[in-house]
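S.K.: This is the structure I want to talk about, given as structure tokens.
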Amino acid sequence: MASTVSERVRKRRDALRAAGLRPVQIWLPDTRTPGFAEECRRQARLVAEAEMSDRDLAGFLDAAFTDLDGPDT
């Protein structure tokens with residue numbers, strides 16, 4: 001007899017748990033909602049304005065990237 005969908009899902013989840021994994025639920029913004037694109041543009045403008053007014057940002061980012069790359073690169 002063929003297994004039901006719920007049985008197959010349970011079996012798959014049990015196998016994943018046996019492999020040391022666990023399920024995680026992630027909530028993301030709904031990109032289909034009205035106003036989403038405009039809100040993205042608004043936030044991008046704020047970030048761009050903040051970057052242009054922060055004279056120390058470029059030096060900070062350069063130092064951070066150098067630290068990530070390590071001394072031998």
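S.K.: Starting from the Cα-Cα distance between Q43 and D30, subtract it from 0.36 nm times their residue separation and give me the gain in nm to one decimal.
M.R.: Working: separation 13, 0.36 × 13 = 4.68 nm, distance 1.60 nm.
Full-extension gain reported as 3.1 nm.
S.K.: Next up: In degrees from 0 to 90, rounded to the nearest 10, what is the angle of the helix 5-18 Cα long axis to the longest principal axis of the chain?
M.R.: For 5-18 against the chain, the angle is about 60 degrees.
S.K.: Considering only DSSP states other than H, G, I, E and B, which GluC sites (Glu not before Pro) in the chain qualify as loop sites with at most 16 other Cβ atoms within 10 Å?
M.R.: none
S.K.: Related question: Using Cβ contacts closer than 10 Å as the measure, can you line up T31, T66 from fewest to most?
M.R.: Values: T31 8, T66 11.
Result, fewest neighbours first: T31, T66.
S.K.: Follow-up question, since we're still on this one. Mind checking the dipole of region 5-69: about its Cα centre, +1 per Lys or Arg Cβ, -1 per Asp or Glu Cβ, Debye to the nearest 20? Present the calculation step by step, with values, prior to reporting the outcome.
M.R.: Values: 12 positive and 12 negative charges, 200 e Å.
The dipole magnitude comes to about 960 debye.
S.K.: Let me ask another. Calculate, axis by axis, the spread of Cα positions in the chain along the three principal axes, and write the results as whole Å, longest axis first.
M.R.: So the extents along the principal axes, rounded to whole Å, are 69, 46, 15.
S.K.: Of all trypsin sites (Lys or Arg not before Pro) in the chain, which ones are in loop regions per DSSP and have a Cβ with at most 13 other Cβ atoms within 10 Å? Intermediate values should be presented prior to the final figure.
M.R.: Details: sites: R8, R10, K11, R12, R13, R17, R32, R41, R42, R45, R55; in loops: R32, R55.
Passing both the DSSP loop test and the Cβ count: R32, R55.
S.K.: Please report the net charge: other residues with Cβ closer than 12 Å to the Cβ of A18, K and R +1, D and E -1. Don't skip to the end; give the middle numbers.
M.R.: Details: positive: K11, R12, R13, R17, R22; negative: D14.
Neighbour charge sum, excluding A18 itself: +4.
S.K.: Follow-up question, since we're still on this one. Taking the Cα atoms only, what angle lies between the long axis of helix 57-69 and the longest principal axis of the chain, rounded to 10 degrees?
M.R.: Tilt relative to the chain: about 50 degrees.
S.K.: Using only Cα atoms and rounding to the nearest 10 degrees, what angle (0 to 90) does helix 36-53 make with the longest principal axis of the chain?
M.R.: It works out to around 40 degrees.
Where a number appears in this text, it was derived from the coordinates with a stated rule and is not lab data. It should be emphasised that the depicted structure is a prediction, and the values quoted were computed from it without experimental measurement. Heads up, the Cβs are rebuilt from the backbone with ideal geometry, glycines too, and the neighbour counts pull from every protein chain shown.
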